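Have a look at the structure that comes next, please.
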Amino acid sequence: MSIYFYVMIVRRLQKVGHNTLSITLPNQWIKEMGLKKGDALVFSFEDDGSLRLRPSTIVEKEKQRQEVVIYSDQCGDPSLLERLIIGNYILGYDVLRIVSSTSFKVSHLEAIKRAVGKLIGVAIIEETPLQVILQCMVEPSSFPVQVLLRRLYIIVSTMHKELSDALRELNSSLARQIVLREPEADKMHLLISRLLTIAQTNKELYSTIGIEDSRDLILYRLVSQNLERIGDWIENMSKYIEYLEPNKNYIQEEALSYLVEMSNLSHTICFNAINSLFTGDVEEANNVILQYKETYQDRDSRIMHKLVEYVQCQPCGPMIGVIVFGLVRIAELGSEIAEAAINRGLRKPSKFSESVVGDEVLKKLYSSEVY
């Protein structure tokens, strides 16, 4: 069957009756597919205008719930079992059957329940001493990817605003609230990753989850990953605020004000990056990148040097250094989203550029030039 990956077969259309055109199928392909008279074939339209042809039996098999078996006995560390569950969820399996040749270890059961708590739409539907069955009940049509990305950004943006407030007075109570919110961002990112992974092998899902172009699969994954990493940085910085609060009297207000200003600027960069992604505004995206480079790129050490004079607590210096680095890193992740926004925005004709086919447009362009 591999011959069809290397040989282009040409068949001419034949007219049958008054208004019907037909084409014969390669005999070798019919034999390999086990087709016979009366069997149904499924046609699907591709982005490039071609038709994809598959036996209905294959299509029906794809629609069946996908199941995977995970052997917990092979997982010496419970964290591996947890990662296997999450990984198979992302791969698109609907049923995850976790089995053990003997009774499950307590640590393995705890790992299973931790994993379930991190996944949207997954529940334990059966549990015995030798197996635990998880089922994912996510219906892709209920989760357009752009909507999920917006929700993920809202979660991360809320965390970022709370971080600015927590930095202003080194409020550990508010910092703990941020830490509690972060797992929701992880859940959203994992769901987005699952949908994009399934869509890679199932183009019929594109319209269901709002994918306009196959290139969006890579682009949206990058954006989701960056937003999730921004959430991780915010969580990390929030934990340092809890350590800094008891020593707040040794940190001058000028240092805290500067950190709040940095936080607000990083938030603005991320907001404008996401906005340019969904509006297709390449100018706004470019301004985001310029703002990051002019303000933060390769400057975190100089910023830290400036803040040192306002900190009279020696252990506090490295902690504030982590916060400075985190805020710079968040701005950098926002600029990467802006770069993705430019790449996506360039697909449509604009005053900046447009795609051309053939020489006629170019000839017209050159003939209109004024020297």
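The values are calculated or read from the model by the stated rules, or taken from the named source; none is laboratory data. Not measured: the values here are computed from a predicted model. Because the Cβ atoms are built from the backbone with ideal geometry, glycine has one as well, and the counts that use them run over all protein chains shown. The accessibility values were calculated without ligands, DNA or RNA, using every heavy atom of the protein model including side chains. Shrake-Rupley method; radii C 1.70, N 1.55, O 1.52, S 1.80 Å.
Add +1 for every Lys or Arg and -1 for every Asp or Glu among the other residues with Cβ under 14 Å from the Cβ of residue 79, and state the total. Show your work: numbers first, answer last.
Working: positive: 83, 105, 113, 114, 118; negative: 77, 82, 110.
Counting the neighbours of residue 79, the net charge comes to +2.
Note down the accessible area of residue 43, probe 1.4 Å, to the nearest 10 Å².
120 Å²
By its C-alpha gyration tensor, with a ≥ b ≥ c as the square roots of the eigenvalues, how is the chain shaped: rounded for a/c under 1.5, else prolate for a/b larger than b/c, else oblate? Walk me through the intermediate numbers first.
Numbers: a/c = 3.38, a/b = 1.37, b/c = 2.46.
In terms of gyration-tensor shape, oblate.
Next up: Give me, ordered by chain and number, the residues 5 or more places off residue 70 or on other chains with an amide H under 5 Å from its own placed amide H.
Those lying under 5 Å, H to H, from residue 70 are 97, 98, 99.
Of all the accessible heavy-atom surface of the chain, with the other protein chains kept in place and a 1.4 Å probe, what percent is carbon and sulfur? Intermediate values should be presented prior to the final figure.
Numbers: 11560 of 21640 Å².
Ligands and nucleic acids excluded, carbon and sulfur reach 53 percent.
Test of understanding: what is the full-extension gain from residue 19 to residue 294, defined as 0.36 nm times their sequence separation minus their Cα-Cα distance?
Answer, rounded to one decimal: 92.5 nm.
Using a 1.4 Å probe, what is the accessible area per residue for region 119-259, in Å²?
Values: 6420 Å² over 141 residues.
Accessible area per residue: 46 Å².
What is the distance, in nm, between label points placed 7 Å from the Cα along the Cα-to-Cβ direction at residue 312 and at residue 51?
Going by the 7 Å Cα→Cβ label model, 8.2 nm.
Can you give me the span-like helices of the chain, meaning DSSP H runs with 18 Å or more of Cα extent along the axis and Kyte-Doolittle mean at or above -1.0? Let's see the in-between values first.
Details: long enough: 78-90 (19 Å, 0.72); 145-169 (37 Å, 0.24); 172-200 (43 Å, 0.17); 216-244 (42 Å, -0.16); 253-279 (39 Å, 0.44); 282-295 (20 Å, -0.60); 316-345 (44 Å, 0.99).
Span-like helices in the chain: 78-90, 145-169, 172-200, 216-244, 253-279, 282-295, 316-345.
Work out how much length residue 71 to residue 27 would gain on full extension: take 0.36 nm times their residue separation and subtract the Cα-Cα distance, in nm to one decimal. Don't skip to the end; give the middle numbers.
Details: separation 44, 0.36 × 44 = 15.84 nm, distance 4.27 nm.
Residue separation times 0.36 nm, minus the Cα-Cα distance, leaves 11.6 nm.
Kindly rank 210-222, 156-168 from highest to lowest mean number of other beta carbons found within 10 Å of each residue. Spell out each step's value before the answer.
Working: 210-222: 16.2, 156-168: 21.0.
So the order, starting with the most tightly packed, is 156-168, 210-222.
I'd like the GluC sites (Glu not before Pro) in region 246-353 restricted to DSSP loop residues with at most 10 other Cβ atoms within 10 Å, sorted by number. Could you put the intermediate results ahead of the total?
Numbers: sites: 253, 254, 261, 283, 284, 294, 309, 332, 336, 339; in loops: 309.
Sites meeting the loop and neighbour criteria: 309.
Right, something else. Subtracting the Cα-Cα distance from 0.36 nm times the residue separation, let me have the gained length for residue 355 to residue 215 in nm, one decimal.
Contour length minus Cα-Cα distance gives 48.7 nm.
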